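Engineer: Below is a structure I'd like to ask you about.
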2 protein chains.
Amino acid sequence: MKVSQLLGERYKERAFEIESQNLMTRGGYMKAVGNGIYSLFTPAKRIQNKIEQILREEMDAIDGQEVLFPVTMPASLWQQSGRWESVGRELLRFKDRSGADMVLGMTHEEAAVHMAMNVAGTYQKYPFMIYQIQTKFRDEPRARGGLIRVREFTMKDAYSFHTSQADLEKYYERAYRAYERVYARTGIPEVVAVKSDSGMMGGKVSHEFMLLCDIGEDSIVTCPKCGYRANMEAAETIVENIRDKSLQPLKEVFTGDAKTIEDVCALLKSDPKKSCKAVVYQRNADDSYVLVFTRGDLEINETKLTNYLKAEIHPAADVSEANLAAGNIGPVNLDTSATVLFDRSIEGAENLICGANKPEYHLTGFTPARDLSAHVEFVDLSKTQDGFECPSCHKRSLKVSRGIEVGNIFQLGTKYTEAMGMTFDDPNGNRVNPIMGCYGIGVGRLMASVCEVRHDEYGPIWPITIAPWQVEICALRIDNPDVAAEAKRLYKHLKEHNVDVIYDDRSVSAGVMFSDADLLGCPIRVIISPKTLSRGCYELTTRTKSVREDIDPHFAVSSILSQIAEMTAAVNAKVPEQI
Amino acid sequence: MKVSQLLGERYKERAFEIESQNLMTRGGYMKAVGNGIYSLFTPAKRIQNKIEQILREEMDAIDGQEVLFPVTMPASLWQQSGRWESVGRELLRFKDRSGADMVLGMTHEEAAVHMAMNVAGTYQKYPFMIYQIQTKFRDEPRARGGLIRVREFTMKDAYSFHTSQADLEKYYERAYRAYERVYARTGIPEVVAVKSDSGMMGGKVSHEFMLLCDIGEDSIVTCPKCGYRANMEAAETIVENIRDKSLQPLKEVFTGDAKTIEDVCALLKSDPKKSCKAVVYQRNADDSYVLVFTRGDLEINETKLTNYLKAEIHPAADVSEANLAAGNIGPVNLDTSATVLFDRSIEGAENLICGANKPEYHLTGFTPARDLSAHVEFVDLSKTQDGFECPSCHKRSLKVSRGIEVGNIFQLGTKYTEAMGMTFDDPNGNRVNPIMGCYGIGVGRLMASVCEVRHDEYGPIWPITIAPWQVEICALRIDNPDVAAEAKRLYKHLKEHNVDVIYDDRSVSAGVMFSDADLLGCPIRVIISPKTLSRGCYELTTRTKSVREDIDPHFAVSSILSQIAEMTAAVNAKVPEQI
């Protein structure tokens, strides 16, 4: 490929806040076609192809069979699994020309069961795993960050089928390792797996693979002491309440306009930790109210709440219908139609400030053990925080960081096979539902994530294993016949040696050529100019600037091949063994 | 891959009439998910991957840049080109969660212009070609024949941009040759290019690549004398009318219930060639009537008619609204609101039977030159037939055959760049619309087409270049430790030599194993059994049965590699040179 022919423009002006989106837009990798919908130019497509090849190799290595499911599916499949009803508007539903209900696939559990149904009727066929690399559509309300969160994307999704939970768990470990290998091979071995909430997928055990970085949308809870790692959504919160010397009586105090717990605590000169706040939600299905009490310094973890209620919820707008005094809601003498829940942080607390259930008044001295019914159940419904107790090693060592989810794996159980009626005959002739696992990686998001953590101010620094081209030849002063002849010859020889090479043959200044090269991010650059030729050499530099050396034109190809081999070995050194 | 693990079932029962659909269903290649929507099992996906790789190589060889357009696109793109309005219900339109109008891509001219717009502003960037391999959806009313005509499919579509028609034509020839290479490399060098109608794509010159075979949906017109080839839709019809000795006067004759031209001619003991029939259509847009007169033995070519009218049409159901006497419509004394057209076959004809425009009567002696207004224009609106005059060499040599369209190429002109406002600055500083070409190949249809012409009664006979596996090892009597050990060792060695190999390790009868192997269609089979081992050898056979030989186990790998090389060379021998 020659840069003169490469479609796409590279420019200097900052385009977006998020660095991967900024650099990949400025670098001519992609162009928005609609909200969260992109076209990819050749550099991005080449990276994507290389990532796909790595995914294919790693999936094949764990006995995966590549298949292809359709993007468009009849609604009946999703009705069988129950997700036609249960999944929200991110599932795009449409009608075809005959008026039949259809969906755009956002995930393919149903299609995987449909494929395997009737062709895996005996236990001898198990376990097996099928995977595809295919376009998906998820009608995200908030597409953002370029390829980080889009509506249409290419995904590798895999589905395994097992005759027992033990067999699934064994396979799950192999898949987990295959994922670690994928991230290492794509140049981001620092990706960590965290326990996650299974959400709409069903099943119990699941992990997300997280690339820690500031623009991540997920909060990750880690313990540097013991290695515990979980998504905030799934992290158990352990709250310590300090015992007071004595219990105060409940007492009504005038708090006037102070409504938020921060305002009330400020007014009463109290630590928010010594308060109990009320947060009100409504169930999406019927708008019925859910009232949650938690400690004033904590936030509700809506995923935990959703899972506990087994219902989708949203923050309540108007609480008067539930007979609640907004800003003064409290747990004592409460008269409401709402479902009332107590977070575990309230258990064992003493002498708290809380609402008095009447305008302009709060209570002090609220002590749940004394003031609440003995039947009250305390549930873990809040988010953990920096410095909280680790649920694993019980040190006060938790850290909360941001991360981008670059993959996930789920133990699904029999949710889909049961709903859709897929069975096999076990050795005793009993008909049993197979147990499933599923395993996903978004290709475009992975590419953008690598850019997010592998760039400098000038452009991406692509790892050698996924770079659009391994080598860029920069011919400075192409009007000089020696430069042109040498560059052309090197280009030809590198192609003959199957090196992915791009050749900048434009008649542009060194400044333009190098800043464009920085944006293309090829790991190795070879500069041929009148100056290098007058020294009798070419100059080889790396995108990271760690190498800058003159190379002998007669041995240029082998010097470059050595550099490629060295860089590839450095990436591979961090790839863990297959299981 | 081991057959014991391969998901999918192979069975004997005939499944469908069309052989590729039958064999690929029976062979476990695919499963219908909905009407015209399929999941592909691993054997089909592997073939598809190999075809995609050939396409990629051939597109790269003609300076193509691989990109990726989205499957889902905002309606605005299609509104800009005008196709939101002009394309029928095969374009699937839907609304996203925000209520915005969107489409599922059935072709990507709009997306290609969108990508190239603003990044190819000067003539120096031209020509360039961008291509993708991506899922498309076309809401076909009549999906049929398995992968031959589906609603969702994988397609390679390419778009070239040029500064002049001459440059487009030069590139068009390269693309044409690249297509010939693709078909030869996929094992069907007999594909022929025919001139075609450009249909909804716009533009003037276009070709379809046709695989002649009985189940094809297209009629192809060829001339064995001079090599002329065209799709029936685009083939000029040249009709010879025999001069009579004398002209008869117009005369009304009673024909009673005889309505069709065949019945009337039978009643009057006349050759249908000596008659003039009326065919009535309605324009889709406003239901207005179009009346076409043609010779009684010919059929109307609706594509020619659509192009002439520049309007979509459908056969009229009820003609009374146009003041027409169904079954007795004739060109003389006609009083109608319909648009009236005369096919060229009527020009110069004499003494024809035609309708009398009143019930139960026809006319004889109709002679257009005498009986029609001198202003009547005769237009080519009918289909040509076997034995008709060739429009190229003018011999009476035309042949009509059936063919499957396995690709098409179009000279688009400026239809899209003009409508969407894409321009470049020419050397004189003028803003000009680039001229486009587009080039498509459906991957799934190509695979099914190869099966359609490369099979026997037992299964597909895949060409070595696209076979799901090049070699199948059949271990007969896997319970025999020698057989198991030898088969396992050969399998391992072949994989080490990067041979695509599948190993049937099941404990099944020779009959079952061989009939399954026939359905998988691998070109080379190696049989290891107690019998072959007792002779001190393996048996190598080809799927075509043309080779059956004992090979020495010590040289098995090299024997197999030679066989692969020989078969590959035979395919490559038919691949024309690149232009």
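The values are calculated or read from the model by the stated rules, or taken from the named source; none is laboratory data. These numbers come from a predicted model, not from an experiment. With ideal geometry, Cβ positions are generated from the backbone for all residues, glycine too; neighbour counts draw on all protein chains shown. Heavy atoms of the whole protein, side chains included, go into the accessibility calculation; ligands, DNA and RNA do not. Shrake-Rupley method; radii C 1.70, N 1.55, O 1.52, S 1.80 Å.
Engineer: Within the stretch A:88-123, track down each residue that is part of a loop (DSSP other than H, G, I, E, B) and aliphatic (A, V, I, L, M).
Structural biologist: Step one: filter the stretch A:88-123 for residues part of a loop (DSSP other than H, G, I, E, B), giving A:88-92, A:96-100, A:105-108, A:117-121.
Of everything in the stretch A:88-123, those that are part of a loop (DSSP other than H, G, I, E, B) and aliphatic (A, V, I, L, M) turn out to be A:Leu91, A:Leu92, A:Ala100, A:Met106, A:Met117, A:Val119, A:Ala120.
Engineer: Next question, about the same structure. Find all pairs meeting these conditions: Cβ atoms under 8 angstrom apart; at least six residues apart or on different chains; first residue within the stretch B:297-316 and within 14 Å of B:Asp343 (Cβ to Cβ); second residue open to solvent by less than 30 Å² (accessible area, probe 1.4 Å) and in a helix (DSSP H, G or I).
Structural biologist: These pairs meet every condition: B:Leu298/B:Ser345; B:Asn301/B:Met232.
Engineer: Still on this structure, I have one more. Quickly run through the stretch A:234-271 and pick out the residues that are closer than 22 Å to A:Pro368 by Cβ and assigned to a helix (DSSP H, G or I).
Structural biologist: Passing the criteria: A:Ile261, A:Glu262, A:Val264, A:Cys265.
Engineer: So, of the residues in the stretch B:88-124 that are among the charged types (D, E, K, R) and either without any contact (Cβ under 8 Å) to a residue 24 or more places away in the chain or open to solvent by less than 40 Å² (accessible area, probe 1.4 Å) (or both), which turns out to be farthest from the other protein chains (Cβ to nearest Cβ)?
Structural biologist: First pass over the stretch B:88-124, keeping only residues among the charged types (D, E, K, R): B:89-90, B:93, B:95-97, B:101, B:109-110.
Pick out the ones that are also either without any contact (Cβ under 8 Å) to a residue 24 or more places away in the chain or open to solvent by less than 40 Å² (accessible area, probe 1.4 Å) (or both) and you get B:93, B:95-97, B:109-110.
On the way: B:Arg93: 8, B:Lys95: 8, B:Asp96: 6, B:Arg97: 4, B:Glu109: 13, B:Glu110: 9 Å.
For the stretch B:88-124, the residue satisfying everything is B:Glu109.
Engineer: Within the set of pairs 6+ apart or on separate chains, which have a first residue in the stretch A:150-177 that is free of Cβ contacts under 8 Å to residues at least 40 places away in the same chain, a second that is open to solvent by less than 30 Å² (accessible area, probe 1.4 Å), and C-beta atoms under 9 Å apart?
Structural biologist: Correct list of pairs: A:Lys170/A:His162.
Engineer: Search the stretch B:535-579 for residues being hydroxyl-bearing (Ser, Thr, Tyr) and within 19 Å of B:Met513 (Cβ to Cβ), and hand back the single one that is nearest to the chain's Cα centre (by Cα).
Structural biologist: At the first step, the residues of the stretch B:535-579 found to be hydroxyl-bearing (Ser, Thr, Tyr) are B:538, B:541-542, B:544, B:546, B:558-559, B:562, B:568.
Restricting the remaining residues to those that are within 19 Å of B:Met513 (Cβ to Cβ) gives B:538, B:541-542, B:544.
Details: B:Tyr538: 42, B:Thr541: 34, B:Thr542: 30, B:Thr544: 27 Å.
My answer is B:Thr544.
Engineer: Which residues, taken from the stretch A:281-296, are surrounded by 20 or more Cβ atoms within 10 Å (Cβ to Cβ) and touching a His at 6+ places or on another chain (Cβ under 8 Å)? Walk me through how you get there before you give the answer.
Structural biologist: Let us first name the residues in the stretch A:281-296 that are surrounded by 20 or more Cβ atoms within 10 Å (Cβ to Cβ), namely A:281-282, A:289-296.
Across the stretch A:281-296, the qualifying residues are A:Tyr281, A:Gln282.
Engineer: Turning to a different aspect of this structure: Within the bounds of the stretch A:240-254, is there any residue that is touching a strand residue (DSSP E or B) at 6+ places or on another chain (Cβ under 8 Å) and crowded, with 22+ Cβ neighbours inside 10 Å?
Structural biologist: Among the residues of the stretch A:240-254, not one is touching a strand residue (DSSP E or B) at 6+ places or on another chain (Cβ under 8 Å) and crowded, with 22+ Cβ neighbours inside 10 Å, which makes the answer no.
Engineer: Give the residue that is surrounded by the most Cβ atoms within 10 Å (Cβ to Cβ), with candidates limited to residues of the stretch B:1-32 that are polar (S, T, N, Q), more than 8 Å from every other protein chain (Cβ to nearest Cβ) and in contact with a Phe, Trp or Tyr (Cβ under 8 Å, 6 or more places away or on another chain). Spell out how you get there, then give the answer.
Structural biologist: In the first step, residues of the stretch B:1-32 are kept if they are polar (S, T, N, Q); the result is B:4-5, B:20-22, B:25.
Narrowing further to those that are more than 8 Å from every other protein chain (Cβ to nearest Cβ): B:20-22, B:25.
With in contact with a Phe, Trp or Tyr (Cβ under 8 Å, 6 or more places away or on another chain) added as a condition, the list becomes B:22, B:25.
On the way: B:Asn22: 19, B:Thr25: 21.
Among them, the one singled out is B:Thr25.
Engineer: Just to confirm my filter: which helices (runs of 4 or more DSSP H) fall fully inside the stretch B:365-484 and include at least 3 residues that are surrounded by 24 or more Cβ atoms within 10 Å (Cβ to Cβ)? Steps first, please.
Structural biologist: Numbers: elements: B:368-371, B:415-420, B:443-453.
Here the list reads B:443-453.
Engineer: For a quick check of your reading: which strands (runs of 3 or more DSSP E) sit entirely within the stretch A:502-579 and have at least 3 residues that are without any contact (Cβ under 8 Å) to a residue 24 or more places away in the chain?
Structural biologist: Numbers: elements: A:524-528, A:538-542, A:548-551.
By residue number, A:538-542, A:548-551.
Engineer: While we're here: Filter the stretch A:327-346 down to residues that are touching a residue at least 60 places away in the same chain (Cβ under 8 Å) and in contact with a helix residue (DSSP H, G or I) (Cβ under 8 Å, 6 or more places away or on another chain), then give me how many there are.
Structural biologist: 2
Engineer: Under the condition of being over 16 Å from A:Ser562 (Cβ atoms) and surrounded by fewer than 18 Cβ atoms within 10 Å (Cβ to Cβ), which residue from the stretch A:485-499 is farthest from the chain's Cα centre (by Cα)?
Structural biologist: The first filter runs over the stretch A:485-499 and keeps only residues over 16 Å from A:Ser562 (Cβ atoms), leaving A:485-489, A:491-492, A:495-496.
Now drop any that are not surrounded by fewer than 18 Cβ atoms within 10 Å (Cβ to Cβ), which leaves A:485, A:488-489, A:492, A:495-496.
Working: A:Ala485: 48, A:Lys488: 43, A:Arg489: 44, A:Lys492: 41, A:Lys495: 37, A:Glu496: 39 Å.
Ranking the candidates gives A:Ala485 first.
Engineer: In the stretch B:1-32, which residues are more than 20 Å from B:Cys474 (Cα to Cα), in contact with a helix residue (DSSP H, G or I) (Cβ under 9 Å, 6 or more places away or on another chain) and touching a residue at least 60 places away in the same chain (Cβ under 8 Å)?
Structural biologist: Initial filter on the stretch B:1-32 (more than 20 Å from B:Cys474 (Cα to Cα)): B:13-25, B:30-32.
Narrowing the set further to residues that are in contact with a helix residue (DSSP H, G or I) (Cβ under 9 Å, 6 or more places away or on another chain) leaves B:13-16, B:18-21, B:23-24, B:30-32.
Answer for the stretch B:1-32, where residues must be more than 20 Å from B:Cys474 (Cα to Cα), in contact with a helix residue (DSSP H, G or I) (Cβ under 9 Å, 6 or more places away or on another chain) and touching a residue at least 60 places away in the same chain (Cβ under 8 Å): B:Phe16, B:Ile18, B:Glu19, B:Ser20, B:Gln21, B:Leu23, B:Met24, B:Met30.
Engineer: Go through B:Ala61, B:Ala75 for me and flag whichever is open to solvent by 10 Å² or more (accessible area, probe 1.4 Å) and farther than 30 Å from B:Gly429 by Cα.
Structural biologist: Details: B:Ala75 fails: open to solvent by 10 Å² or more (accessible area, probe 1.4 Å).
Residue meeting the stated conditions: B:Ala61.
Engineer: Of B:Lys495, B:Lys545, which residue is out of contact with any Lys or Arg (no Cβ under 9 Å at 6 or more places or on another chain) and at pLDDT below 95? Steps first, please.
Structural biologist: On the way: B:Lys495 fails: at pLDDT below 95.
Step by step, each of B:Lys495, B:Lys545 is checked, and only B:Lys545 is out of contact with any Lys or Arg (no Cβ under 9 Å at 6 or more places or on another chain) and at pLDDT below 95.
Engineer: Now for a different question. Within the stretch B:146-192, which residues are modelled with pLDDT under 95 and either β-branched (Val, Ile, Thr) or open to solvent by less than 10 Å² (accessible area, probe 1.4 Å) (or both)?
Structural biologist: B:Gly146, B:Ile148, B:Val192
Engineer: Has the stretch A:149-160 got at least one residue that is assigned to a strand (DSSP E or B), among the hydrophobic types (A, V, I, L, M, F, W, C) and within 8 Å of chain B (Cβ to nearest Cβ)? Lay out the reasoning, then the answer.
Structural biologist: Within the stretch A:149-160, the first condition is being assigned to a strand (DSSP E or B), and the residues that meet it are A:149, A:152-160.
Then drop every residue that is not among the hydrophobic types (A, V, I, L, M, F, W, C), which leaves A:153, A:155, A:158.
From the residues that got through so far, the ones that are within 8 Å of chain B (Cβ to nearest Cβ) too are none.
No, there is no match, as no residue in the stretch A:149-160 is assigned to a strand (DSSP E or B), among the hydrophobic types (A, V, I, L, M, F, W, C) and within 8 Å of chain B (Cβ to nearest Cβ).
Engineer: When the residues of the stretch A:125-137 are filtered to those that are among the aromatic types (Phe, Trp, Tyr) and surrounded by fewer than 24 Cβ atoms within 10 Å (Cβ to Cβ), which remaining residue is nearest to the other protein chains (Cβ to nearest Cβ)? Spell out the reasoning first.
Structural biologist: The first filter runs over the stretch A:125-137 and keeps only residues among the aromatic types (Phe, Trp, Tyr), leaving A:126, A:128, A:131, A:137.
When the remaining residues are screened for being surrounded by fewer than 24 Cβ atoms within 10 Å (Cβ to Cβ), the result is A:126, A:128.
On the way: A:Tyr126: 10, A:Phe128: 5 Å.
Looking at residues that are among the aromatic types (Phe, Trp, Tyr) and surrounded by fewer than 24 Cβ atoms within 10 Å (Cβ to Cβ), I get A:Phe128.
Engineer: Tell me yes or no: at least one residue of the stretch A:451-458 is farther than 28 Å from A:Phe16 by Cβ and in contact with a helix residue (DSSP H, G or I) (Cβ under 6 Å, 6 or more places away or on another chain). Reasoning before the result, please.
Structural biologist: So in the stretch A:451-458, the residues farther than 28 Å from A:Phe16 by Cβ come out as none.
There is no residue in the stretch A:451-458 that is farther than 28 Å from A:Phe16 by Cβ and in contact with a helix residue (DSSP H, G or I) (Cβ under 6 Å, 6 or more places away or on another chain).
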